[in-house]
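**Student:** My questions all concern the structure below.
No value in this document is a laboratory result; all are computed from the given coordinates. This is a predicted model, so every value here is computed, not measured. No Cβ is skipped: glycine too gets one built from the backbone with ideal geometry, and neighbour counts run over all protein chains shown.
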Amino acid sequence: MGDFFDFDELYGRIEELITPDFHSVSFTGGEPLLQANFLKDFLKEHDLITMLETNGSLPEELKKIVKLIKYASIDIKLPEHEAVSNWDDLFKQEMASIKILIDEGIDSYCKLVILPSTRVETVRSIAVRMKNEFIDVSKLSLVVQPASPLDLWRGKTSKLLKISEKAGEYMDVLTIPQVHKLLNLR
C-alpha cells in the first residue's frame, strides 16, 4: 500500500479504530494544516468528531476547516526553540490561529513544551503577551508539558512549579507530562 489514501480508504481505516469509548479523530503529525484542502474535503464528506493538533503557524489554512472541527490544540513554540527563525512572527501567527478558534467557539487549549533550561520569565512573558495583546485567555487553558524523559526534571520540580505558578497569574494552567513519550509512543 502506498503512503496516500483516498477518502473511502481513509474513512474505512478510521472506522476500524472507533470503539465505544471513542472521543475524536485527531489530525496531527508534521503539520496537518499543510493539507487543509484535503482535510476540508474529507471532513465535509465524512461526519466525524475531530481534533486538530497544529503548530498554529497557518491561520489562513485553519480558516478553511475551522467550522469542521470540534477540538483543537495549538503548540506554542518557545523563543529558544531551534526550529524557529523569527519567533515573534511565529507567535503572532499562533495567536491569530487561537483567536480564530476562540471566535468560532472551538474547545481549544495551547501547549507549551518546556525544558529544564526554560526560564520562568520566558513562560511568564508569553502568558502576559497572550493575555494583554492577543486573545481572551478566559476561554483558553495553557498546558505546560515538561519535556521527556522526566528524569531531566529530577531536582528541578520547584522550577516546574514556579513556571506553572507564574503563567497561572495570567491564565488557566495545567501541568501535564508528555504521556505519549511515557508510553513509548512517538
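**Student:** What angle, in degrees between 0 and 90 and rounded to the nearest 10, separates the Cα long axis of helix 7-17 from the longest principal axis of the Cα atoms of the chain?
**Tutor:** So the inclination is approximately 60 degrees.
**Student:** State the extension gain, in nm to one decimal, for the chain segment bounded by E9 and E53, taking 0.36 nm per residue of separation less the distance between their alpha-carbons.
**Tutor:** Working: separation 44, 0.36 × 44 = 15.84 nm, distance 2.21 nm.
Length gained between E9 and E53: 13.6 nm.
**Student:** If I model a spin label as a point 7 Å beyond the Cα along the Cα-Cβ vector, how far apart are those points for N37 and K64 in nm?
**Tutor:** The modelled label-to-label distance comes out at 0.6 nm.
**Student:** Place the peptides 84-93, 135-144, 55-64 in order of packing, highest mean first, counting for every residue the other Cβ atoms within 10 Å and averaging per peptide.
**Tutor:** Numbers: 84-93: 13.9, 135-144: 17.2, 55-64: 19.4.
Highest mean packing first, the order is 55-64, 135-144, 84-93.
**Student:** Moving on. For an R0 of 22 angstrom, estimate the FRET efficiency from the Cβ-Cβ distance between E104 and A147 and round to the nearest 0.05. Could you put the intermediate results ahead of the total?
**Tutor:** Details: r = 31 Å, r/R0 = 1.40.
That pair, E104 with A147, gives E of 0.10.
**Student:** Taking Cα centroids, how far is the range 119-180 from the range 74-117 in Å?
**Tutor:** Between the Cα centres of the range 119-180 and the range 74-117 lies a distance of 12 Å.
**Student:** Shifting gears a bit: Helix 120-129 sits at what angle to the longest principal axis of the chain, using alpha carbons and giving 0 to 90 degrees rounded to 10?
**Tutor:** Long axis of 120-129 versus the principal axis of the chain: about 60 degrees.
**Student:** Let me ask something else. Take the Cβ-Cβ distance between D136 and F22 as r, set R0 to 41 Å, and report the resulting FRET efficiency rounded to the nearest 0.05.
**Tutor:** Details: r = 30 Å, r/R0 = 0.74.
According to the calculation, E is roughly 0.85.
**Student:** Return one number: the angle in degrees, 0 to 90 and rounded to the nearest 10, between the long axis of the Cα atoms of helix 157-168 and the longest principal axis of the Cα atoms of the chain.
**Tutor:** Here the helix axis deviates by roughly 70 degrees.
**Student:** Turning to a different aspect of this structure: How about the range 79-186: which GluC sites (Glu not before Pro) there lie in a loop by DSSP and see at most 14 other Cβ atoms within 10 Å?
**Tutor:** Details: sites: E80, E82, E94, E104, E121, E133, E165, E169; in loops: E80, E82, E104, E169.
Hits after loop and neighbour filter: E80, E82, E104, E169.
**Student:** Something else now. Sketch the reach of a paramagnetic label on K162 as a point 7 Å from Cα along Cα-to-Cβ, and name the residues of the range 105-133 whose backbone nitrogen lies under 15 Å away.
**Tutor:** Inside the label zone: 115-125.
**Student:** Would you calculate, for the chain, the mean residue ellipticity at 222 nm contributed by helices, counting each DSSP H stretch of 4 or more residues as -39,500 (n - 2.57) and dividing by all residues, to the nearest 500? It would help to have the intermediate numbers written out before the result.
**Tutor:** Details: 7 runs with 71 residues, N = 186.
Calculated from helices alone, the mean residue ellipticity at 222 nm is -11500 deg cm²/dmol.
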